[in-house]
Amino acid sequence: MSVKKKKISILEESTRLKGTVSFDDKMIINGSFEGSITGDTLIIGEYGVVIADIKAGNVVIGGRFSGELRTVKDTLVLHSGICEGKVVCRNIVVEPGGVLNAEVIRLSIKDSG
């Protein structure tokens, strides 16, 4: 039996990127990114700044996000996170201290599949 290794891509604090990013498994952004992102699990770290259109399975926002976000599973805004723009998701949780200043559209289970 083989075990599938999870791939993690990391954009470090000192890195700034503009463009289109597509990834499998997990991506962590601690730097700044502007553009569009497509992937499975995206984590915006406490020092991350993202201005983008995002399509992902799950998104965790610990830094600052602005733009349009579409998740087919879960969106989590941590206590250090700021989310602005438009969010389309099945589930969303905002921890105490987290900021959600967005239009939110909740998908039904049949819409998110």
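The values are calculated or read from the model by the stated rules, or taken from the named source; none is laboratory data. Bear in mind the structure is a predicted one, so any value in this text is a computation, not a measurement. Neighbour counts run over all protein chains shown; Cβ positions are idealised from the backbone, glycine included.
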Within the stretch 1-20, of all residues that are assigned to a loop (DSSP other than H, G, I, E, B) and closer than 16 Å to Ile43 by Cα, the one modelled with the lowest pLDDT is Lys6
Those residues of the stretch 22-48 that are surrounded by fewer than 19 Cβ atoms within 10 Å (Cβ to Cβ) and among the β-branched types (Val, Ile, Thr) come to a total of 2
Among (1) basic (Lys, Arg); (2) at pLDDT below 95; (3) within 17 Å of Asn30 (Cβ to Cβ), Arg64 falls short only on (2)
So, first residue at pLDDT 95 or above and of a type in the set (D, E, K, R) in the stretch 93-113, second residue part of a strand (DSSP E or B) and surrounded by 10 or more Cβ atoms within 10 Å (Cβ to Cβ), Cβ within less than 8 Å, six or more apart or across chains; the pairs are Glu95/Leu76; Glu95/Val77; Glu103/Gly85; Glu103/Lys86; Glu103/Val87
The condition from (1) part of a strand (DSSP E or B); (2) within 28 Å of Lys5 (Cα to Cα); (3) more than 11 Å from the chain's Cα centre (by Cα); (4) of a type outside the set (Val, Ile, Thr) that Asp24 misses is numbered (1)
Test for Ile43: is it out of contact with any helix residue (DSSP H, G or I) (no Cβ under 6 Å at 6 or more places or on another chain), of a type outside the set (Ser, Thr, Tyr) and either more than 22 Å from Leu107 (Cβ to Cβ) or not in a strand (DSSP E or B) (or both): no
Inside the stretch 55-113, the number of residues satisfying the requirement of being among the aliphatic types (A, V, I, L, M), closer than 14 Å to Ile44 by Cβ and in a loop (DSSP other than H, G, I, E, B) is 1
Filter the stretch 60-98 for residues that are surrounded by fewer than 16 Cβ atoms within 10 Å (Cβ to Cβ) and not acidic (Asp, Glu); the one that is nearest to Val50 (Cα to Cα) is Lys86
